[in-house]
Every structure is written in C-alpha cells, then in structure tokens.
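The values are calculated or read from the model by the stated rules, or taken from the named source; none is laboratory data. This structure is a prediction, so every number in the text was calculated from the model and none was measured. Here the Cβ is made from the backbone with ideal geometry for all residues, glycine too, and neighbour counts use every protein chain on show. To get the accessible areas, we keep the full protein, side chains included, count just its heavy atoms, and leave off ligands, DNA and RNA. Shrake-Rupley method; radii C 1.70, N 1.55, O 1.52, S 1.80 Å.
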Amino acid sequence: MTPEALRHLSRTDPVMRGLIRRTGPCTITIQRRWSPFQSLVRAVVYQQLHGRAAAAIFGRLVALFGGPGFPSPEAVLAMSPRRMRGAGLSRAKVLAIKDIARKAAAGVVPARRVVARWGDDEIVERLTSARGVGRWTVEMLLIFTLGRQDVLPAADYGVREGYRAAYGLKALPSPKALLEYGARWRPHRTTAAWYLWRAAEHAKANKAKVNKARKKRA
C-alpha cells in the first residue's frame, strides 16, 4: 500500500498511528495472476479450515485436473463430484464450487479484465449470487486479488478483534460500529484492516506469553 495511505491513517487516527509505528510498513501481497474464479474457489476450500489443512485440500483438488495451472470452469464442471469429495471437500463445498464454475462459464463470474472495471459494490452484488459466496469472501477477493484500496471487512473476526485490542475495548465491536468509526480511514480502509489484523495477532501472542508465564508460576 502507498505512503499516502500511511500518512492519511496517521494523521486522522492517533491509535492507528501507533499501530503503524509498532508494526512497520504494510506488506499486503496481491495475487495479480489469479482470476475471480480461482479466488472464489480457493476461498470456498479455505472456509472454516486451518491454513495447512485447507492448503493440502486445495492442492489435492487442483492436482485432480493434471494440468500445469488452475483448471478452467468447464473442467471443474466435468469433474466427478465423488473425486472432488475424495480430495477432502465436503458435499456442501463441492456444490458451491460447481455453482461457481457454472456461473464462471456463463460469465456471471467474469474474467479479471472485466471485473477490474467494476466498482466494489457491483462486484459484491454480482459474485454473492454464487452458492457459498458471501460478502466476506468477495471482500477478500477485492483486497487480495484485485488490490482494492478502500475495503473494510467489518464482519471479519480478526479485524474486529484487532480493533478491540488496539482501542482498549472489553468486547468485540459490532460490524456497524466498526464501519462507522472506520469512515475516518477512507479512502484507505484496506490498509487500516491490514493493521488491525496485525493488532489481533499481537494480542494473541501476548496472551499466549501471559498464559505461559502463569503456568510456570503455578
């Protein structure tokens, strides 16, 4: 993300300024070669799974098709659901991936060059028509595939927990409250979200250290 984003966040929010100083530069990695189809399929595979387990299943799924790259929507539609289940996918995820492939083949989930011309709200509305694809999934696509600068995934647990920890709250903020406060971060809410994710990680690490110290004293 740009130095302009860091300057804006530091100028408009003292707490965010402190986060930036402690964390250092924002290092979001954008997957510029991924298509929306690939991004959505990967997101569905990763839903409700830890990173390593999801990565293993995703790798097995892609390997089913035997090609050098990610399979086409048509190839996914032709693949046996039983073989997809054999890669470790649940029935619900197979149905979702099949529907995403169907919509990609029909152009409802468009090519990257097409979706790049659309506004964020239009992308959310179009892509959430696919089975198993909610707003959060599309927000991850906006951030990590399309590199959009002003996305605040207010329902994301990590973002909410990072906000709670950084701003000294006892309870998680509601998505509505987070969106209201986050209006001051516009038009760089993606960068703000990245720093809140880091704040959540830092709070988790600190909690683990405290718990470890307590066990030693016990």
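The accessible-area ordering, largest first, of the residues W194, W185, W34, W136 stands as W136, W34, W194, W185, per a 1.4 angstrom probe. Stretched out straight at 0.36 nm per residue, the stretch from Y181 to A155 would grow longer than its current Cα-Cα span by 8.0 nm. Helix 36-46 and the longest principal axis of the Cα set of the chain meet at an angle near 70°.
Each residue of region 181-195 was assigned a 3J(HN,Hα) from its phi angle through the Karplus expression (A = 6.51, B = -1.76, C = 1.60, θ = phi - 60°), giving 5, x, 4, 5, 7, 4, x, 10, 6, 4, 5, 4, 4, 4, 5 Hz with x at Gly and Pro.
In the context of the full set of protein chains, region 1-91 has a per residue accessible area of 61 Å² (1.4 Å probe). Here each label is just a point 7 Å from Cα along the line to Cβ, and for A56 and Y167 those points are 3.9 nm apart. With contacts taken as Cα pairs under 8 Å at a separation of at least 6 residues, the chain carries a relative contact order of 25 percent. The spread of Cα positions in the chain, taken along each principal axis and listed from longest to shortest, comes to 54, 50, 30 Å. Counting only Cα atoms, region 101-154 measures 29, 23, 16 Å along its principal axes, largest extent leading. Just so you know, the Cα atoms of region 80-196 work out to an Rg and Dmax of 16.7, 51 Å. Taken over the chain, lysine pairs spaced eight or more positions apart, or on distinct chains, with alpha carbons under 23 Å apart number 10. Phi angles across region 131-138 convert, under the Karplus curve 6.51 cos²θ - 1.76 cosθ + 1.60 with θ = phi - 60°, into 3J(HN,Hα) values of 4, x, 10, x, 4, 4, 4, 6 Hz, Gly and Pro given as x.
Label positions at L49 and E201, each projected 7 Å from the Cα along the C-beta direction, are separated by 2.2 nm.
Charge tally for W197 (other residues, Cβ to Cβ under 15 Å; Lys, Arg +1; Asp, Glu -1): +2.
Counted by Cβ distance under 10 Å from D150, the other residues give a net charge of +2, where Lys and Arg count +1 and Asp and Glu count -1. Each distinct pair of alpha carbons in region 1-67 adds a 1/r term; the inverse of their mean, the Kirkwood radius, is 15.0 Å. Model label points for A92 and R131, set 7 angstrom from Cα along the Cα-to-Cβ axis, are 1.3 nm apart. For the set T27, T137, solvent exposure ranked by accessible area (probe 1.4 Å, protein chains only) runs largest to smallest as T27, T137. When the trypsin sites (Lys or Arg not before Pro) in region 102-165 are filtered for DSSP coil states and for at most 16 other beta-carbon atoms within 10 Å of their beta-carbon, the remaining sites are R117, R131. Taking Cα atoms only, the orientation of helix 14-23 departs from the longest principal axis of the chain by about 70 degrees.
Where only DSSP H runs of four or more residues are counted, the chain gives -19500 deg cm²/dmol as its mean residue ellipticity at 222 nm, each run worth -39500 (n - 2.57).
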